[in-house]
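Values quoted throughout were computed directly from the atomic coordinates according to the rules given, and no laboratory measurement underlies them. This one's a predicted model, so the numbers in the text were calculated from it and none came from an experiment. In this analysis, Cβ positions are derived from the backbone assuming ideal geometry, glycine residues included, and neighbour counts consider all displayed protein chains.
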Amino acid sequence: MNTHRRAASKETDLPALICIGVRSSSGAYNILYGRGLSQGVSELLERTKAGAGGLALAENTGVFLLSSPRVWRHVGRKIMFGLDRTAVRRPILFDDREARKSMATVERLCRQLVWAGADRRAVLVAVGGGVVGDVCGYTAASYLRGVRAVHIPTTLVGQVDSAIGGKTGVNLPEGKNLVGAFYPPKLVIADPDTLATLPNREFRSGIYEVIKYGVIGDARLFSYLEQNVERLASRDQAALDFVIPRCIRAKARIVEQDEREAGLREILNFGHTFAHAFETATAYRRYLHGEAVGWGMIAASRLGVRTAGFSSDESARIERLVRHVGPLPSPPRVSGKRLLEIMGADKKTRGGKFRFVLPLQIGKVKTVADVPPDAVHAVLADLGRPSERNAS
């Protein structure tokens, strides 16, 4: 991973940006962070050089924008302003609700690309949140056996997490993200200005993923959030400029070392085994993804106290911070037995044995295999009640 800053200049008219490079098996790519970058997409594509044996992004037979109607209403005009209209096709819009993150949506998009004339030198540009990025990424990996993808994440969770690292996929009724591919993008453009119109609930949803980074490997970030989470929730620019690049760098370091989640990258799943079960059990309609992760981190922290020697005081700190972000939908009214069944189908389960990322201390976690189901069941049974330390 490499990072550099570049100030705005009269020569380029591009705003100041932070450039974070990521090495991947299919070539290096950059994550660009800076205010107003989404209004200069054509120039950014022009400046993105080809990897080994590849074509530069500027060498294309068409830029195909994939987004959702609600996202496009807010940012479409800005994105189009920064694009060369001669190379851009009409946006392809689709429903970005989690419940529509499916194989049927991917098939529809692929057919629309055929009708629009997309060939193997096309570039797909995902404009939206995590669902848009996941679906567009998997579509890019599948269409004509692979075309180039660029991500312009317009949510906090997209900018700090889901647009980075090449994980793509869709859901099945049996579980979340069970079909997909590792398919790194060629460029990620993270513009905090696109967060301005994000509904408060969706913005808060991204903060839970930021908290995750503090727990898994950045105690300083966690302490910062304890003191400044309200500033972040109000979208204070200084808070955004501290938090977003810090999370991007953290994820870039991890995925460079373990691109296909054979070991280290598993720590990014802190809270997610529980979260995916909650989302699946409620048919992806009750929670935003980050909200499910918020509950998942509380559950994983309590499980860590029960099974991994995690301090109850540290667990209470995580729970307080999660709850301080804002109101969470209540835990699902589903039996513990059913949730355990869903977890058994999770892609992180190995040989029928549960695997959880559990905290050892704030800033350090480990993957624990073969966690006793009784301990998981006990955590699920008490999840709706605040911990004793938080209740006092």
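For the chain, take the longest principal axis of its alpha carbons; what is the angle in degrees between that and the long axis of helix 272-281, to the nearest 10 within 0 to 90?
Once rounded, the angle reads 90 degrees.
At R0 = 51 Å, how high is the FRET efficiency between D95 and H4 if r is their beta carbon distance? Nearest 0.05 is fine.
Efficiency, rounded to the nearest 0.05: 0.85.
Dipole magnitude of the stretch 166-281 about its Cα centre, charges +1 at Lys/Arg Cβ and -1 at Asp/Glu Cβ only, in debye to the nearest 20?
Charge dipole, the stretch 166-281, about its Cα centre: 100 debye, nearest 20.
With +1 assigned to the C-beta of every Lys and Arg and -1 to the C-beta of every Asp and Glu, and no other charges, what is the dipole magnitude of the stretch 2-195 about the Cα centre in debye, to the nearest 20?
The calculation lands at about 160 debye.
Would you mind checking which residues have amide H under 5 Å from T3's amide H? H placed 1.01 Å from N; only 5 or more apart, or other chain.
G21
Among C247, P327, V188, whose Cα projects farthest towards the positive end of the dipole of the chain, with charges put on the beta-carbon of Lys, Arg (+1) and Asp, Glu (-1)?
Farthest towards the positive end: V188.
If exposed GluC sites (Glu not before Pro) are those in a DSSP loop with at most 16 other Cβ within 10 Å, what is the longest stretch of the chain that has none?
On the way: sites that count: E11, E59, E174.
The longest such stretch corresponds to 175-392.
7 Å from Cα along Cα→Cβ at both V179 and T197: what's the point-to-point distance in nm?
Here the answer is 3.2 nm between the modelled labels.
For the stretch 2-195, what does the equivalent ellipsoid look like in terms of its semi-axes, each the square root of 5 times an eigenvalue of the Cα gyration tensor, given largest first in whole Å?
Its equivalent ellipsoid spans semi-axes of 24, 17, 17 Å.
Work out from phi, with θ = phi - 60° and the Karplus expression 6.51 cos²θ - 1.76 cosθ + 1.60, the ³J(HN,Hα) of each residue of the stretch 355-369, listed in order in whole Hz, and give x for Gly and Pro.
Working through the residues one at a time gives 10, 10, 8, 10, x, 9, 7, 5, x, 8, 9, 8, 8, 10, 9 Hz.
Hey, what's the Kirkwood Rh for the stretch 111-261 if you take every pair of different alpha carbons, in angstrom? Before the final figure, lay out each step's value.
Working: mean 1/r = 0.0616 Å⁻¹.
When all Cα pairs of the stretch 111-261 are included, the Kirkwood radius is 16.2 Å.
Roughly how many debye, to the nearest 20, is the charge dipole of the chain about its Cα centre, given +1 on each Lys and Arg Cβ, -1 on each Asp and Glu Cβ, and no other charges?
400
Which whole-Hz ³J(HN,Hα) couplings does the stretch 232-240 yield from phi under the Karplus relation 6.51 cos²θ - 1.76 cosθ + 1.60, θ = phi - 60°, glycine and proline marked x?
5, 4, 7, 6, 4, 5, 5, 5, 4
Anything over 29 Å Cα to Cα? Flag those among K49/K366; K186/K364; K176/K337; K78/K212; K78/K176; K167/K364, in the order listed.
K49/K366; K186/K364; K78/K212; K78/K176
Return the FRET efficiency for the residue pair H377, R111: r is the Cβ-Cβ distance, R0 is 35 Å, and the value is rounded to the nearest 0.05.
0.20
What do you get when you divide the Cα radius of gyration of the stretch 228-284 by 2.2 N^0.38 Å, with N the number of residues?
Relative to the 2.2 N^0.38 Å estimate, the stretch 228-284 comes out at 1.47.
Grab the DSSP H runs of the chain that are 4 residues or longer, score each as -39,500 (n - 2.57), total them, divide by all residues and round the 222 nm result to the nearest 500 deg cm²/dmol.
One gets -13500 deg cm²/dmol as the mean residue ellipticity at 222 nm.
Tabulate in residue order the Karplus-calculated ³J(HN,Hα) for the stretch 136-147, using 6.51 cos²θ - 1.76 cosθ + 1.60 with θ = phi - 60°, rounded to whole Hz; enter x for Gly and Pro.
Using θ = phi - 60°, the values come out as 5, x, 5, 4, 4, 5, 9, 5, 6, 6, x, 10 Hz.
With a cut-off of 8 Å between alpha carbons and a minimum separation of six or more residues, what is the relative contact order of the stretch 254-392 in percent?
RCO, the stretch 254-392: 27 percent.
Taking 2.2 N^0.38 Å as the expected size of a compact globular protein, what ratio does the Cα radius of gyration of the chain give against it, to two decimals?
0.96
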